[in-house]
1. Take the eigenvalues of the Cα gyration tensor for the stretch 69-146, scale each by 5, and report the square roots as semi-axes in whole Å, largest first.
2. Got a sec? How would 178, 91 order by Cβ neighbour count within 10 Å, fewest to most?
3. Stokes-Einstein diffusion coefficient for the stretch 149-200 at 37 °C in a medium of 0.692 mPa s, Rh from the Kirkwood formula over Cα pairs: what value in µm²/s?
4. Find how much the distance from residue 125 to residue 205 grows on full extension, using 0.36 nm per residue of separation minus their present alpha carbon separation; answer in nm with one decimal.
5. Could you give the length gained by full extension between residue 190 and residue 137, i.e. 0.36 nm per residue of separation minus their alpha carbon distance, to one decimal place?
6. How far apart, in nm, are the 7 Å Cα→Cβ label points at residue 148 and residue 42?
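Since every read-out is calculated from the coordinates, none of them should be taken as a lab result. All values reported here derive from a predicted model rather than from experimental measurement. Cβ sites come from the backbone with ideal geometry, for glycine too, and all protein chains shown count toward neighbours.
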């Protein structure tokens, strides 16, 4: 973890957690001047300067790393898919996996199905899936989902708009006797696209929030380990 750099948002979250653990009032702390973030050693040094114990910074940073990083897939600039990747520095036991599955079912209100192949595990419910895969230091958990129906509406709208363009060209060259047909088709296509686009922002916010909550509960439930070279 000592080689990892934390951005400004992560630095603020780490020191907030560390100061809460020490029951000390929050302070506004400096960030990396280079814009590349701060290493764990640099965070510990800042902590010493403001009276925060180095081990509290380590645990807060470990918690921040384990909480995972969000991922996103976009279609024409809109969030068509969201996800979260959680890196664990230990292996997820079978009992912990079963508790995670219970949490997934309760959070997403979906039973889903589980599958295991060797050290690989997965829980899926339609386009929503959670994969657990081994890494050199432990396990990686990937949560991801795609709003397939919204994508279908948007793609259908684009196809319909394309048809409207073809109809408009045909009207211009006199190949059709319905000059207003292109407008009608364009309105239909725009409506299809709008239906899909309107669904996405709220859906993406909800899924991100759910994944963040699952990640947080998982992090709190797992024993924290301190990297031997971090202090």
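1. Working: eigenvalues 99, 53, 20 Å².
Over the Cα atoms of the stretch 69-146, the semi-axes work out to 22, 16, 10 Å.
2. Result, fewest neighbours first: 178, 91.
3. 297
4. Values: separation 80, 0.36 × 80 = 28.80 nm, distance 1.89 nm.
Taking residue 125 through residue 205 to full extension adds about 26.9 nm, to one decimal.
5. Numbers: separation 53, 0.36 × 53 = 19.08 nm, distance 4.95 nm.
That works out to 14.1 nm of additional length.
6. 4.4
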